[in-house]
Amino acid sequence: MSGPSLHIFSLMRYIIVCLFLFCISKTGYAQDLSFYGILPAFSLTGRINQKVNYNLFVSTTINALEREINGVDYPASNLQLYIQPSIILIYSPKLNLAGSYTYQRSNPFHGNYVNEHRLWQQAIFSNALFQGQLTNRFRLEERFIENRLNGEYPLSTRFRYQIGFNTPLQGKKLNKREFYFNTYNEFYWSLTGSKNSTYSSNWSYAGFGYKIGTSDKIELGYLLQISARNKEKDLRYLHLVQVSWATNLKRPAKKDGA
Amino acid sequence: MNLKIISLFFFSAFLNLTVTAQEISISEKKVAVKIKAYIKENYPTATRIKYYQEVINDTIFIESEFKFRGNKYAVMFYNEALYEVEIFLAFKDIPTPAQKAIKSTLDSLFTRHKILVCQEVNPRTNLLYEITVEGTSEKSTAFWELFFTPSGRLIKKTEFIVRPIPSHF
């Protein structure tokens with residue numbers, strides 16, 4: 001099962017990177033930058049009622065290696081703090097709707113920090129593929145990014161589309177003490193407001209997870225974040241090792257309604 | 001077949017005792033010849049055949065999933081003997097009298113409902129229809145598994161929890 005999906009992922013990733021480079025390609029000398037780091041993440045999901053769930057997702061992005069590029073020193077530092085509480089409506093087992101207020105702080109422990117308040121709405125569709133789950137996620141974001149010069153928070157909007165695939169590796173269902181595979185690619189399009197490029201970012205991820213118990217999963221994977229870092233569309237490559245822990249507060253239970 | 005084991009399984013499933021289950025996929029080579037022969041004889045044109053070992057309350061079952069004549073099948077074996085057959089089908093494929101009775105029951109249970117999955121369980125021996133629905137009653141909506149007899153009489157109704165589709169960042 002993992003063979004064909006890994007092959008598809010590799011091919012998909014290659015095509016996406018080529019497309020991304022082609023779309024924002026330019027003549028002249030590239031000033032692309034690469035950084036390497038780690039991204040710890042935590043996710044807590046709980047039930048409000050049969051159809052409504054809540055989720056708290058917290059992560060931080062750390063640039064782990066100090067680098068000097070073209071005489072500019074890029075120290076190892078915490079690049080971003082991300083706090084995302086959201087409400088999820090299970091419209092059907094194959095369609096979930098969600099909304100959130102998200103707080104993001106770039107360079108959180110430095111004087112040049114930038115706060116961002118974000119609202120978003122999303123729809124995520126899930127379909128069975130092989131023995132796994134193919135997901136298509138559409139998200140519209142209203143971003144209020146702090147302008148440190150005047151203290152204002154102008155509105156900008158962004159649309160994100162994520163295609164993902166996850167599959168248990170030891171059977172058709174993911175049971176406790178079993179491994180699974182998870183991969184996705186996400187396209188970011190800046191619609192309105194200040195932007196470096198319309199197709200502004202692309203994230204590719206592949207990781208393996210392990211279900212510890214009935215409610216907890218841990219996952220380790222590689223996340224490549226590519227983003228246009230200036231109006232000249234120079235790119236920033238962020239190579240991250242993502243370590244995540246996801247837990248469910250409400251254990252799955254069956255109750256007799258007869 | 002070991003009747004004691006089967007009785008215990010049905011008792012636990014129908015009276016809602018805690019059932020622990022764990023399944024893993026297994027290669028065809030590890031499946032007993034008798035089981036493979038049964039599939040070949042009874043479902044000669046079966047395609048996409050997969051095998052799983054399922055452990056339910058310390059009892060080992062072998063399950064085979066495949067496509068046969070346009071429908072998805074799940075056939076379970078215990079001690080190399082047939083234990084349970086499930087056929088996924090469309091609601092419209094259920095015989096009309098049973099279909100009408102089931103629909104009438106769903107209308108009486110829910111103000112609004114949508115049939116998500118429909119299965120025939122043990123069609124050759126002790127036929128039951130297992131229907132998964134999203135149903136609304138008294139302003140709350142939930143997901144249910146309902147079991148009906150061949151005549152369309154409801155014998156069990158169980159609510160089940162649907163977890164959100166994983167989505168981070």
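The values are calculated or read from the model by the stated rules, or taken from the named source; none is laboratory data. These figures come from a predicted structure and were not determined experimentally. Every residue, glycine as well, gets a Cβ built from its backbone with ideal geometry; the counts of neighbours run over all protein chains shown. With ligands, DNA and RNA removed, areas are computed over all heavy atoms of the protein, side chains included. Shrake-Rupley method; radii C 1.70, N 1.55, O 1.52, S 1.80 Å.
Positive contributions from Lys and Arg (+1) and negative ones from Asp and Glu (-1), summed over other residues with Cβ under 11 Å from the Cβ of A:Glu186, come out at +3. Within the listed set B:Thr149, B:Thr132, B:Thr96, the residue fluctuating most in the Gaussian network model of chain B (springs between alpha-carbon atoms under 10 angstrom) is B:Thr96. Accessible surface buried by the B/A pair amounts to about 3500 Å², both sides summed, 1.4 Å probe. On the principal axes of its alpha-carbon atoms, segment A:3-249 has extents of 52, 39, 30 Å, going from largest to smallest. Where does the charge balance sit around B:Asp93 when Lys and Arg score +1, Asp and Glu -1, over other residues with C-beta under 12 Å from its C-beta? Cβ neighbours under 12 Å give a net charge of +1. A straight line joining the Cα centroids of segment B:95-123 and segment A:62-92 runs 50 Å. A dipole drawn for the protein assembly as shown from +1 and -1 charges on Cβ atoms has a positive end, and of A:Gly193, B:Gly152, A:Gln133 the residue lying farthest that way is B:Gly152. Expressed as a whole percent, the accessible area of segment A:92-234 that falls on carbon and sulfur atoms is 61 (1.4 Å probe). Residues B:Glu84, A:Glu116, sorted by accessible area with the largest first, give B:Glu84, A:Glu116 [1.4 Å probe; ligands and nucleic acids excluded]. Between rounded, prolate and oblate, where does segment B:79-169 land on the alpha carbon gyration tensor, with a ≥ b ≥ c its root eigenvalues, rounded for a/c under 1.5, else prolate if a/b exceeds b/c? The shape class here is oblate. Here B:Lys72 is the anchor, and the lysines within straight C-alpha reach of less than 20 Å, apart from those fewer than 8 places off in the same chain, are A:Lys94, A:Lys172, A:Lys173, B:Lys36, B:Lys40, B:Lys50, B:Lys92. Here A:Asp32 sits with roughly 60 square angstrom of accessible surface, probe radius 1.4 Å. What the protein assembly as shown shows is 52 Å² of accessible area per residue, with the surface traced by a 1.4 Å probe over protein heavy atoms. Spatial offset of segment A:186-252 relative to segment A:132-161 amounts to 14 Å, using the alpha carbon center of each.
Couplings for segment A:34-44, taken from phi via the Karplus curve 6.51 cos²θ - 1.76 cosθ + 1.60 with θ = phi - 60°, read 10, 10, 10, x, 9, 10, x, 9, 9, 10, 10 Hz in order; Gly and Pro are left as x. Summing charges over neighbours of A:Glu142, with a neighbour being any other residue whose Cβ is under 10 Å away from its Cβ, gives +2 when K and R count +1 and D and E count -1. Interface burial in segment B:149-166 reaches 40 Å² or more for B:Lys157, B:Glu159, B:Ile161, B:Val162, B:Arg163, B:Pro164, B:Ile165, B:Pro166, comparing the full protein assembly with the chain by itself; accessible area from heavy atoms with a 1.4 Å probe. Once you sort the root eigenvalues of the Cα gyration tensor of the protein assembly as shown as a ≥ b ≥ c, which label holds: rounded (a/c under 1.5), prolate (a/b larger than b/c) or oblate (the other case)? Judged from the Cα gyration tensor, the protein assembly as shown comes out prolate (a/c at least 1.5, a/b above b/c). Shape summary of chain B, radius of gyration then Dmax from alpha carbon positions: 17.5, 53 Å.
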